[in-house]
1. Against the longest principal axis of the chain, how steep is helix 217-230, in degrees 0 to 90 to the nearest 10, with axes from Cα atoms?
2. For helix 102-112, what angle does its Cα long axis make with the longest principal axis of the chain, in degrees from 0 to 90 and rounded to 10?
3. Lysine pairs in region 176-332 with alpha-carbon atoms under 30 Å apart, 8 or more places apart or on different chains: how many are there?
4. Given an 8 Å cut-off on Cα distances and at least 6 residues of separation, report the relative contact order of region 1-116 as a percent.
5. Select from Ala279, Ala262, Ala60 the residue whose mean-square fluctuation is largest in a Gaussian network model of the chain (Cα-Cα springs shorter than 10 Å).
6. How much length is gained if the chain between Tyr37 and Thr329 is pulled fully straight, taking 0.36 nm per residue apart and subtracting their Cα-Cα distance, in nm to one decimal?
7. When each pair of different Cα atoms in the chain is counted once in the 1/r mean, what is the Kirkwood radius in angstroms, to one decimal?
8. Where does the chain land at 222 nm, in deg cm²/dmol rounded to the nearest 500, when only DSSP H runs of n ≥ 4 count, each adding -39500 (n - 2.57), divided by all residues?
Amino acid sequence: MRKLLVTGGAGFIGSNFVHHVISHSDDHVTVLDKLTYAGNRASLEGLPEDRLTFVQGDIADAALVDELFSAADAVVHFAAESHNDNSLHDPRPFLDTNIIGTYTLLEAARRHDTRLHHISTDEVYGDLELDDPARFTETTPYNPSSPYSSTKAGSDLLVRAWVRSFGVRATISNCSNNYGPYQHVEKFIPRQITNVIRGVRPRLYGKGENVRDWIHADDHSSAVLTILDKGALGETYLIGADGEKSNKEVVELILTTMGVSADAYDHVTDRAGHDLRYAIDSTRLRDELGWRPAYADFEAGIAATIDWYRANEDWWAPSKDATEAFYATKGQ
Ligand code: NAD
Ligand code: TDX
């Protein structure tokens, strides 16, 4: 039985990964999570008590991190400040968690020679033109646009340096946009679904032409477990499921799936520095490690996600008003 430490395990993707690991392995999981506004203990409910230990704390707390690393066989690092719009408003927590927090984990991995998998994003590569046939690969140069993506890029570069200079046994994955249950209502898809549930028109930034490459969070989790088990140390793997859609297409799909007219949305102030298009080429992960996504049907995945938000208002309602109050101050 492997002892896994999962940082950020009360967040959207981290909690999905904890559920995935507990149902697909014998591993014991310890979650280290600060429970910021984005963390929710309820996302881990229903798991067997003998398989999961929850520790509330900060990944930048070196003493706590050292103690937890001394008891772990491997660490999967999801904890981050994750929302671009917040990073444009107040970048500081992004530096503290994404840079200093990752540095703190790397130093502990070095001391204890602990296997570490670092979770990152396709946003480190910047953006692509709408008509560019190219997609991001493991060799695309870094070119981040926002305070969020630049701190994620910085954290990736720290991991690479600790691998090369200190021999830390780490891998990195850069994934595209995730969707599914338990995603915070600040993010695009749950924001629009919960708006429609409340009778509010969805809000599209700018013209809505921006393209994101959507993957179900379950597929992200299966890819991360594959890389943890079979990935080559020191290497980077891109995770994606060929899910490119414009924001306009996604909003129209949400509206029609929820029985509302496809044009019942508003255009609002665009995001500053808004990346135009992301697209992932995940050939390496598929060819070298044999990973395949399970969700081929985006429409079905969105319909199931809508059903989940309809059935779980208790989970998201406490965050909704504060989130919308923040957006209102930005004209969004
Ligand atoms: P999230 O915001 O839903 O969750 C982040 C979690 O980290 C929360 O539980 C929060 O409490 C915790 N946390 C924040 N600061 C912490 C700290 N200092 N110490 C300990 N815990 C802390 O984020 P998410 O969408 O689940 O993203 C998880 C990871 O995946 C991030 O590293 C993000 O960059 C990456 N990622 C996300 C997406 C996406 O579409 N959401 C895509 C690619 C990569
Ligand atoms: O109300 C909205 N209207 C809108 O048009 C919101 C919240 C967003 N958008 C647009 C902005 C983006 O083009 O939708 C797209 C998706 O926005 P977000 O959900 O904020 O995601 P994004 O900025 O693409 O980043 C996400 O994917 C990569 C995650 O939040 C990151 O953590 C991850 O690294």
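1. In the chain, helix 217-230 runs at an angle near 20 degrees to the longest axis.
2. Rounded to the nearest ten degrees, it is 20.
3. Here the count comes out as 14.
4. Relative contact order, region 1-116: 30 percent.
5. Between Ala279, Ala262, Ala60, it is Ala262 that shows the largest mean-square fluctuation.
6. 103.3 nm
7. About 20.1 Å for the chain.
8. Values: 11 runs with 132 residues, N = 332.
Only helices count here, giving -12500 deg cm²/dmol.
All of the numbers you see were taken from the coordinates with simple rules; none came from a lab. Not measured: the values here are computed from a predicted model. Methodologically, a virtual Cβ is constructed for each residue, glycine included, from the backbone with ideal geometry; neighbour enumeration extends over all protein chains shown.
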